[in-house]
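Undergrad: Supplied in structure tokens, the structure appears directly below.
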Amino acid sequence: EGVLNGNAEKGRQIAQARDKGNCLACHVMKGGSQPGTRGPDLSHYGNAGRSDAETYTAIHDMRTRNPETLMPPFGTNEILSDPDIRDIVAFLQASK
């Protein structure tokens, strides 16, 4: 449970669910199978030293950091809810 009070286990489930985050379509992640290679490897994301706020913003709408990103704007397009994103942040921050 980090600053954003997300649940890491719920975040793992959301990130790996094909009908939700589907992060595995592009990223390698802890506990995931058949990952994609378009995005960076996130399996040790928690070691990167990024803040919860920075991570939340990237998931919500990566275009704020990289206008040319291929990553969908999950929050802006309401693909994921605020609690969903908070849970994914907790999962990523716990991935070490």
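Undergrad: Taking segment 54-82, which residues are in a helix (DSSP H, G or I) and either surrounded by 15 or more Cβ atoms within 10 Å (Cβ to Cβ) or in contact (Cβ under 8 Å) with a residue 24 or more places away in the chain (or both)?
TA: T55, Y56, T57, A58, I59, H60, D61, M62
Undergrad: Then there is this: Those residues that are assigned to a loop (DSSP other than H, G, I, E, B) and open to solvent by less than 30 Å² (accessible area, probe 1.4 Å), I need them from segment 33-53; list them, please.
TA: G36, G39, L42, S43, listed by residue number.
Undergrad: When you look at M29, is it assigned to a loop (DSSP other than H, G, I, E, B), touching a residue at least 60 places away in the same chain (Cβ under 8 Å) and crowded, with 17+ Cβ neighbours inside 10 Å, yes or no?
TA: Considered against the rule, which asks whether it is assigned to a loop (DSSP other than H, G, I, E, B), touching a residue at least 60 places away in the same chain (Cβ under 8 Å) and crowded, with 17+ Cβ neighbours inside 10 Å, M29 comes out as yes.
The values are calculated or read from the model by the stated rules, or taken from the named source; none is laboratory data. On a predicted model such as this, the values are computed, not experimentally measured, just so you know. Note: ideal-geometry Cβ built from the backbone for every residue, glycine included; neighbour counts use all protein chains shown. Accessible surface is based on the protein model in full, side chains and every heavy atom, while ligands, DNA and RNA are left aside. Shrake-Rupley method; radii C 1.70, N 1.55, O 1.52, S 1.80 Å.
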